[in-house]
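Take a look at the structure set out below.
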Amino acid sequence: MHLGTAGCQADYLLDFLRCHEAETLYLVGDILDGWQLRKNWYWPQTHNDVVQKILRKARKGTRVIYVPGNHDELMRQFCGLAFGDIVVQDEAFHTLLDGRRLWIVHGDLFDGVTTHARWLSLLGDTLYTLILKFNRWFNAVRARLGLPYWSVSQYLKYQVKNAINYIQAFERVMISEAQRRGCQGVVCGHIHKAEIREVDGALYCNDGDWVESLTALAETMDGQLKIIEWRQKVAAPLNLGPISNSDHESVEIQKYEVAI
């Protein structure tokens, strides 16, 4: 989510949370962006609304598990504790309806750049923030024209061959670590690229983000895994039933296991 940054698309996230319910909600790291908040305090009302919405879901019975990432690494000192019905854990495990066990983790601890070249990671974060500022202006213009959200930063990133190689290497490392833990797959975040696919005989799932891709990973009650894109807001909360919208995947509004 990267709450605390101008790049966070909190209004889209709020709309998504209004339109979906889950038995279990996994918050897969970088929920708060401590790196940016230390540099410059930024906390608009919509970011507070996101926090309140998640707390309200937890109070009403949704099982909420918060797995910290590198941008909210300060939360790792609270692993094993609960805040307002939200449990903080360094990792989690989820069993799919078909019996496969998934390891849930942010993924930064298995990224060589983040763990061994922190200065380079911080430099990249600064450049990324500048691109996101342009991205925000660009999408404000698109919204006025009635066009859906489109990420400039994501497009530029995926045009660089080294970025593609980095993503593929990250996927293989995450799958290897999941298998070492006796799991048949992994759910992670960190690299901001939503994906569901088989890698080396195991299931690799990345839930994307609410900065570039505006996505969540969901398991439906019939065991189907899907990436839900939310690039255009719905005017009001929806009743139970399918969404038929050219900018949304057809999504049944029902109980999910959701990772964001």
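Of all residues in region 95-106 being surrounded by fewer than 19 Cβ atoms within 10 Å (Cβ to Cβ) and touching a strand residue (DSSP E or B) at 6+ places or on another chain (Cβ under 8 Å), which is nearest to Asp222 (Cα to Cα)? Reasoning before the result, please.
Filtering region 95-106 down to residues surrounded by fewer than 19 Cβ atoms within 10 Å (Cβ to Cβ) leaves 95-101.
Of the ones still in play, those that are also touching a strand residue (DSSP E or B) at 6+ places or on another chain (Cβ under 8 Å) are 95-97, 100-101.
Numbers: Thr95: 13, Leu96: 10, Leu97: 7, Arg100: 14, Arg101: 16 Å.
Among them, the one singled out is Leu97.
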Strands (runs of 3 or more DSSP E) fully within region 46-138 counting 1 or more residues that are of a type outside the set (A, V, I, L, M, F, W, C), closer than 30 Å to Thr24 by Cβ and at pLDDT 95 or above: 63-66, 92-95, 101-104
Any hit, region 146-153, residues being assigned to a helix (DSSP H, G or I) and modelled with pLDDT under 85: yes
Pairs, first farther than 15 Å from Gly189 by Cα and without any contact (Cβ under 8 Å) to a residue 12 or more places away in the chain in region 83-100, second among the polar types (S, T, N, Q) and part of a loop (DSSP other than H, G, I, E, B), C-beta under 9 Å, six or more apart: Gly99/Gln184
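Going through region 28-45 one residue at a time, which ones are over 18 Å from the mean Cα position of the chain (by Cα), in a helix (DSSP H, G or I) and not charged (D, E, K, R)?
At the first step, the residues of region 28-45 found to be over 18 Å from the mean Cα position of the chain (by Cα) are 37-45.
Still in the running and in a helix (DSSP H, G or I): 37-39, 45.
Passing the criteria: Leu37, Gln45.
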Filter result for Asp90 (over 29 Å from Gln168 (Cα atoms) and out of contact with any strand residue (DSSP E or B) (no Cβ under 9 Å at 6 or more places or on another chain)): no
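Which count do you get for residues in region 188-211 that are on the phi < 0 side of the Ramachandran plot and under 10 Å from the mean Cα position of the chain (by Cα)? Spell out how you get there, then give the answer.
Of the residues in region 188-211, the ones on the phi < 0 side of the Ramachandran plot are 188-189, 191, 193-199, 202-207, 209-211.
Restricting the remaining residues to those that are under 10 Å from the mean Cα position of the chain (by Cα) gives 188-189, 191, 193-194, 206-207, 209-211.
The number of residues fulfilling the criteria is 10.
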Qualifying residues in region 165-201 (those that are touching a Ser or Thr at 6+ places or on another chain (Cβ under 9 Å), farther than 14 Å from Val105 by Cβ and buried (at least 17 other Cβ atoms within 10 Å of the Cβ)) - the one modelled with the highest pLDDT: Ala194
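The values are calculated or read from the model by the stated rules, or taken from the named source; none is laboratory data. Since the model is a prediction, treat every value here as computed from it, not as a measurement. When we count neighbours, we look across all protein chains shown, and the Cβ atoms used for this are built from the backbone with ideal geometry, even at glycine.
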